[in-house]
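Enquirer: What follows is a structure written as structure tokens; I'll ask about it next.
The values are calculated or read from the model by the stated rules, or taken from the named source; none is laboratory data. Everything numeric in this text was worked out from a predicted model, so none of it was measured. Heads up, the Cβs are rebuilt from the backbone with ideal geometry, glycines too, and the neighbour counts pull from every protein chain shown. Just the protein is used for accessible areas: all its heavy atoms, side chains included, with ligands, DNA and RNA removed. Shrake-Rupley method; radii C 1.70, N 1.55, O 1.52, S 1.80 Å.
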Amino acid sequence: LSDSIGKIAGVRPAYIDAIEMAGGVPLLLPPVSGEALNQVLDQIHGLVKGLHFDPRNQQHLLAGALLGRILEEAEGIYVMLVRQDSACGFILLRSLLVAHVDLINISSDPTYIEFMNAAFLDQQRFLLEAALEKGSKSPFLANLPGNTEAAEQLDWVRSTLKQLEERQIKPLSVRKRF
């Protein structure tokens, strides 16, 4: 079924399958613009209006942030469609898909926050190591070599990742996230 839907919607079947495997329902926006697309987005927004939100609950806060990110990505895609500019469309769609999968995972498993944190720390470790130990040529990392705060941060990140790993919490591969 995902093959035929994918052909009709112009979406790779893997996208549809990945969302279903994650326990979600693939939401494919119709190729419409203007008022019709606004109506679709309003209906989607109406589906989530009745949810209870506790601002003291970390899981709710993260789910709200992810939903906001999804809506921002969708708006960016909409703007690109209106402008008939698809240069970054796949990047935005991929980012939207990742946020959607994270939202599904965090909504169904409060411990998923720790795996997201491990992934964030792993990326931070990667960048700090590139700057401090591997002599990265990136202009964004140019001021970090010799910076004691950056070195201390790298030590803290490594220590925290080790503690998480001892509890079997590691950054999840894309396959496991989906």
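Enquirer: Show the residue pairs that are 6+ apart or on different chains and have beta-carbon atoms under 7 Å apart, the first residue being within region 135-154 and over 13 Å from Arg125 (Cα atoms), the second being surrounded by fewer than 10 Cβ atoms within 10 Å (Cβ to Cβ).
Expert: Final answer for the pair search is none.
Enquirer: Go through (1) in contact with a Leu (Cβ under 8 Å, 6 or more places away or on another chain); (2) within 30 Å of Leu37 (Cβ to Cβ); (3) of a type in the set (A, V, I, L, M, F, W, C); (4) open to solvent by 30 Å² or more (accessible area, probe 1.4 Å) for Ala74 and report which single condition fails.
Expert: (4)
Enquirer: Considering each of Arg125, Arg94 in turn, give the residue that is within 14 Å of the chain's Cα centre (by Cα) and either open to solvent by 50 Å² or more (accessible area, probe 1.4 Å) or at pLDDT below 90 (or both).
Expert: So the residue among Arg125, Arg94 that is within 14 Å of the chain's Cα centre (by Cα) and either open to solvent by 50 Å² or more (accessible area, probe 1.4 Å) or at pLDDT below 90 (or both) is Arg94.
Enquirer: Could you check Pro55 against (1) open to solvent by 30 Å² or more (accessible area, probe 1.4 Å); (2) modelled with pLDDT of 80 or more and say which number it fails?
Expert: (2)
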